[in-house]
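First comes the structure, then the notes that go with it.
The values are calculated or read from the model by the stated rules, or taken from the named source; none is laboratory data. Everything numeric here is computed off the predicted structure, so don't read it as measured data. Every residue, glycine among them, receives a Cβ derived from its backbone with ideal geometry; neighbour counts consider all protein chains shown.
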Amino acid sequence: MATIQQTEGTLSVSSVQPQTVEPSVAPRSALDAILPYCSIARPDHWFKNVFMLAGVLLAYFCYPESLQADKILPFFAALAATCLLASSNYVINEILDAPFDRSHPSKRYRPIPSGRVWLPIAYAEWILLAAAGLLIALSVNWAFFWSGAVLLVMGLVYNLPPIRSKELPYIDVLSESINNPIRLMLGWFVVTAHVFPPVSLLVAYWMIGAFFMAAKRLAEYRSIGDRAVAGAYRGSFRHYDQEKLLISMFGYTTCFALFLGVFIIRYHLELILIFPLLAGFMCYYLYVSFKKGSAAQSPEKLYREKGLMIYLVACLAVFFLLMFTNIPVLYEWFNVPPSPVAPLWKF
């Protein structure tokens, strides 16, 4: 059986039989026993649920009368539910990826392939996290509950055979990044459960997520440095190469710009002023993905890219300002009728 070995930052295939990672010795304390089960739930990835905030902000923009104090508690319940549901997906991901991780130079030391997790307990953790998340989601409202259920289903589609979409080229990117618009819906339904969010924005959110996910694949491919080795690690890499990934990123970016433009013209033309900033941010992100050992391979580590983080904060600040600002002259210049959605103030 071929194994994957690492030499000076790149991976290579070896025909040597892979060594079995022996289970670790019995833990010395209760904390040692519990920590691996916490680790496979990946609480350090919960920050991704910040994508919910876009849905909350958009819903309050469209329905400012919903901005009431009694929405604070449901929001925190919704955030807790989303974190639990996401962790449930992470646990099943760790379980089903373990056979592949045992042949990876670094992932073989994860809790499950290194033998620090007992699989029956891991499966129970997966089910309990899902049940707890859905129970809390139901306390918010039915629309939020069903959106959370879809998040769980997509986790199964991504990880569970026979589909296991993470092994399919392009489908892997699209099926993983669809979690972005699902999170937007989760935030939206915290505010209003009776109206569906704008489809144009959902698709734009999906496509920008696909761009980021394809950038992650590109960074992984460049880090591995060999197509055969990459294919041994993940099935989709048997099709990918640097050129195909870059072309797909161009396609995702084009779709993002198209559907965001539809949303902007329909709902808030002022947001057109953020396009130069967004274009610059996406170029910056692509630059980061080409770096050696790029943080784009592990988005939870992107905070190390200080320049990118400062740029992101600037984009968010401008977006927030434009979202609640009215510039009437823009509608004259672009010959667009004013949006029926009233801003909170005028500039």
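So for the stretch 234-243 (the condition being within 20 Å of the chain's Cα centre (by Cα), of a type outside the set (S, T, N, Q) and in a loop (DSSP other than H, G, I, E, B)), does at least one residue qualify? Within the stretch 234-243, one or more residues are within 20 Å of the chain's Cα centre (by Cα), of a type outside the set (S, T, N, Q) and in a loop (DSSP other than H, G, I, E, B).
Of the residues making up the stretch 17-75, those that are among the acidic types (Asp, Glu) and either closer than 25 Å to ARG108 by Cα or at pLDDT 80 or above (or both) are GLU22, ASP32, ASP44.
Of all residues in the stretch 56-104, those satisfying the criterion of being of a type outside the set (Lys, Arg) and not in a helix (DSSP H, G or I) are TYR63, LEU67, GLN68, SER103, HIS104. All of (1) farther than 25 Å from GLU220 by Cα; (2) over 20 Å from the mean Cα position of the chain (by Cα); (3) surrounded by fewer than 17 Cβ atoms within 10 Å (Cβ to Cβ) hold for PRO99 with one exception: (1).
Checking the condition within 22 Å of the chain's Cα centre (by Cα) and among the aromatic types (Phe, Trp, Tyr), which residue from TYR311, TYR267, TYR331 passes?
Details: TYR267 fails: within 22 Å of the chain's Cα centre (by Cα); TYR331 fails: within 22 Å of the chain's Cα centre (by Cα).
Testing whether each residue is within 22 Å of the chain's Cα centre (by Cα) and among the aromatic types (Phe, Trp, Tyr) leaves just TYR311.
The single residue among SER223, SER165 that is out of contact with any Cys (no Cβ under 7 Å at 6 or more places or on another chain) and in contact (Cβ under 8 Å) with a residue 12 or more places away in the chain turns out to be SER223. Residues in the stretch 60-89 that are under 24 Å from ALA41 (Cβ atoms), touching a residue at least 12 places away in the same chain (Cβ under 8 Å) and aromatic (Phe, Trp, Tyr): PHE75 only. Just to be sure, is ALA204 aliphatic (A, V, I, L, M), part of a helix (DSSP H, G or I) and either buried (at least 23 other Cβ atoms within 10 Å of the Cβ) or more than 18 Å from the chain's Cα centre (by Cα) (or both)? Yes. So for the stretch 78-87 (the condition being at pLDDT 85 or above, touching a His at 6+ places or on another chain (Cβ under 8 Å) and within 18 Å of TYR109 (Cβ to Cβ)), does at least one residue qualify? No, every residue in the stretch 78-87 fails to be at pLDDT 85 or above, touching a His at 6+ places or on another chain (Cβ under 8 Å) and within 18 Å of TYR109 (Cβ to Cβ). Considered as a group, the residues in the stretch 134-158 that are surrounded by fewer than 22 Cβ atoms within 10 Å (Cβ to Cβ) and not hydrophobic (A, V, I, L, M, F, W, C) include one that is farthest from PRO197 (Cα to Cα), and that residue is SER139. Residues considered: ALA149, ALA131, ALA143. Of these, the only one that is assigned to a helix (DSSP H, G or I), without any contact (Cβ under 8 Å) to a residue 12 or more places away in the chain and under 18 Å from ALA80 (Cβ atoms) is ALA131. What number goes with the only condition from (1) out of contact with any Leu (no Cβ under 8 Å at 6 or more places or on another chain); (2) over 19 Å from GLY231 (Cβ atoms); (3) without any contact (Cβ under 8 Å) to a residue 40 or more places away in the chain that GLU176 does not pass? So GLU176 meets the others, but not (2).
Restricted to the stretch 246-334, the set of helices (runs of 4 or more DSSP H) holding at least 3 residues that are among the aromatic types (Phe, Trp, Tyr) comprises 275-289, 306-323.
Can you find, within the stretch 148-179, the residue that is nearest to the chain's Cα centre (by Cα) among those that are within 22 Å of ALA215 (Cα to Cα) and aliphatic (A, V, I, L, M)? Of everything passing the filter in the stretch 148-179, ILE178 is nearest to the chain's Cα centre (by Cα).
Picking from residues in the stretch 296-315 that are surrounded by 14 or more Cβ atoms within 10 Å (Cβ to Cβ) and among the hydrophobic types (A, V, I, L, M, F, W, C), the one that is modelled with the lowest pLDDT is LEU302. For the structure I just gave you, tell me whether GLU220 is assigned to a helix (DSSP H, G or I), buried (at least 20 other Cβ atoms within 10 Å of the Cβ) and not assigned by TED's automatic domain parsing to the domain that holds PHE100. Judged against the criteria, GLU220 is a match. For the stretch 251-270, which positions are among the aliphatic types (A, V, I, L, M), crowded, with 19+ Cβ neighbours inside 10 Å and closer than 17 Å to ILE327 by Cβ? Matches in the stretch 251-270: ILE264, LEU269.
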